[in-house]
1. Just to check I understand the Karplus step: with θ = phi - 60° and J = 6.51 cos²θ - 1.76 cosθ + 1.60, what whole-Hz values come out for region 113-122, glycine and proline as x?
2. Over region 11-121, calculate the relative contact order: mean separation of alpha carbon pairs under 8 Å at least 6 apart, over the residue count, as a percent.
3. Could you tell me which residue out of 258, 167, 17 lies farthest along the dipole of the chain toward its positive end? Charges go on the beta carbon: Lys and Arg +1, Asp and Glu -1, centred on the Cα centre.
4. Treating the beta-carbon of each Lys and Arg as +1 and of each Asp and Glu as -1, no other charges, what is the dipole magnitude of region 133-228 about its Cα centre, to the nearest 20 debye?
5. Build a GNM of the chain with springs between Cα atoms under 10 Å: which of 17, 213, 56 gets the top mean-square fluctuation?
6. State the antiparallel share, in %, of DSSP beta bridges confined to the chain, rounding to the nearest 5.
7. Cross-link candidates for residue 284: which aspartates and glutamates have Cα within less than 20 Å, leaving aside residues fewer than 8 places away along the same chain?
8. If you put +1 on each Lys and Arg Cβ and -1 on each Asp and Glu Cβ, how big is the dipole of the chain around its Cα centre, in Debye rounded to 20?
Amino acid sequence: MNGKMKAIIKHQRGPGAEIQKVDIPTIQNDEVLIKVKATSICGTDVHIYNWDDWSASRVHPPYVFGHEFSGEIVEVGEKVLNFKMGDYVSAETHLVCGHCPQCLTGQYHICEHTKIIGVDTQGCFAEYVAIPATNLWRNPDRMPADIASIQEPMGNAVHTVLNGDVAGKSVAVIGCGPIGLMAVGVAKAAGASHVFAFDLNEYRLNLAKQMGATTVVNSGTENPVEVAKQLTNDHGVDVVCEMSGHPVAMDQGFKMITNGGRVSILSLPTSPVSIDITNDIVFKGLQVQGITGRKMYETWQQVSRLLNSGQVDVSPLITHHFPLEDFEKGFQLMNKGTCGKVVLHP
């Protein structure tokens with residue numbers, strides 16, 4: 001397909017971004033071209049927009065960023081056999097090599113050579129995006145475009161919560177950004193007996209209530225460890241899902257976990273974190289997991305089924321919709337923390 005399209009361009013090595021007219025992507029033989037229906041803003045996009053140390057070391061402007069979306073296939077490469085024009089899809093955003101030891105043993109989500117759509121390649125904050133067919137996920141026809149666009153981050157929440165048993169257990173979600181809020185809903189749907197939600201942001205704690213949290217705690221006004229211990233007969237919680245990346249909050253997570261519990265860490269601290277390994281990990285006999293991405297494609301199947309069945313309703317999390325041209329309003333809300341998920345519509 002020839003012509004121009006609107007796109008949000010990370011135009012410089014510095015703060016901000018611009019709407020520009022750029023060429024519609026030309027697809028390779030193993031790719032499809034997708035007309036984007038909805039694309040949502042991720043915390044990673046905020047890092048790139050704000051231009052922090054991580055983005056300065058990773059991305060190379062100018063380019064189209066963004067990686068969460070849903071849309072319709074409008075062009076199919078010659079070697080693509082399992083997708084066709086008109087298919088309604090979203091995409092796994094990790095581009096993997098297929099030949100490292102991890103890929104060869106089915107652990108694609110921890111591929112040694114992972115590249116990320118919209119970080120290392122051209123992204124989806126645009127009217128069209130080109131995606132390898134191997135990364136596509138076919139959406140149910142009845143799934144709304146905005147819901148379908150947030151399956152990728154929900155996959156992070158599902159991977160974090162369900163990377164161990166939670167049925168009948170107490171679960172603490174530390175950090176109620178959009179993925180943490182999704183984790184609350186997933187834990188509840190998976191049969192957790194008690195779901196704690198910890199954050200400093202009252203707006204997002206209110207969203208946590210809507211997602212099914214049993215107890216919400218403002219960590220700035222209450223002691224999270226004391227509350228967790230008090231409500232678990234002083235034993236501590238069974239599972240901690242760490243989504244904040246804040247050193248104090250992470251330490252509190254290890255303090256509130258029960259002996260033999262599981263701590264799954266999705267967050268990305270910006271500097272080294274001090275943890276009492278002897279007393280809070282070894283003597284407790286904890287299972288500590290680093291969580292990255294989504295299991296390809298086991299997690300996608302779980303996400304799609306949880307959403308399609310209605311067991312998890314993420315609609316309360318989608319708090320704002322904007323046309324693509326008003327993207328700056330979305331980034332401002334994300335920076336202030338006065339939103340859930342922000343969806344842009346090309």
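The values are calculated or read from the model by the stated rules, or taken from the named source; none is laboratory data. Note that the structure is predicted; figures quoted are calculated from it, not measured. Because the Cβ atoms are built from the backbone with ideal geometry, glycine has one as well, and the counts that use them run over all protein chains shown. In case anyone asks, the SASA skips ligands and DNA or RNA and just uses the protein heavy atoms, side chains included. Shrake-Rupley method; radii C 1.70, N 1.55, O 1.52, S 1.80 Å.
1. Each residue of region 113-122 in turn: 10, 4, 10, 10, 4, x, 10, 9, 9, 5 Hz.
2. Details: 174 pairs, mean separation 29.3, N = 111.
It rounds to 26 percent for region 11-121.
3. It is 167, whose Cα lies furthest towards the positive end.
4. Numbers: 6 positive and 8 negative charges, 51 e Å.
My answer is approximately 240 debye.
5. Taking springs between Cα atoms under 10 Å, the residue moving most is 56.
6. Working: 31 of 58 bridges.
So the antiparallel bridges in the chain amount to around 55 percent.
7. 165, 226, 234, 238, 242, 251, 276
8. Working: 27 positive and 35 negative charges, 64 e Å.
My answer is approximately 300 debye.
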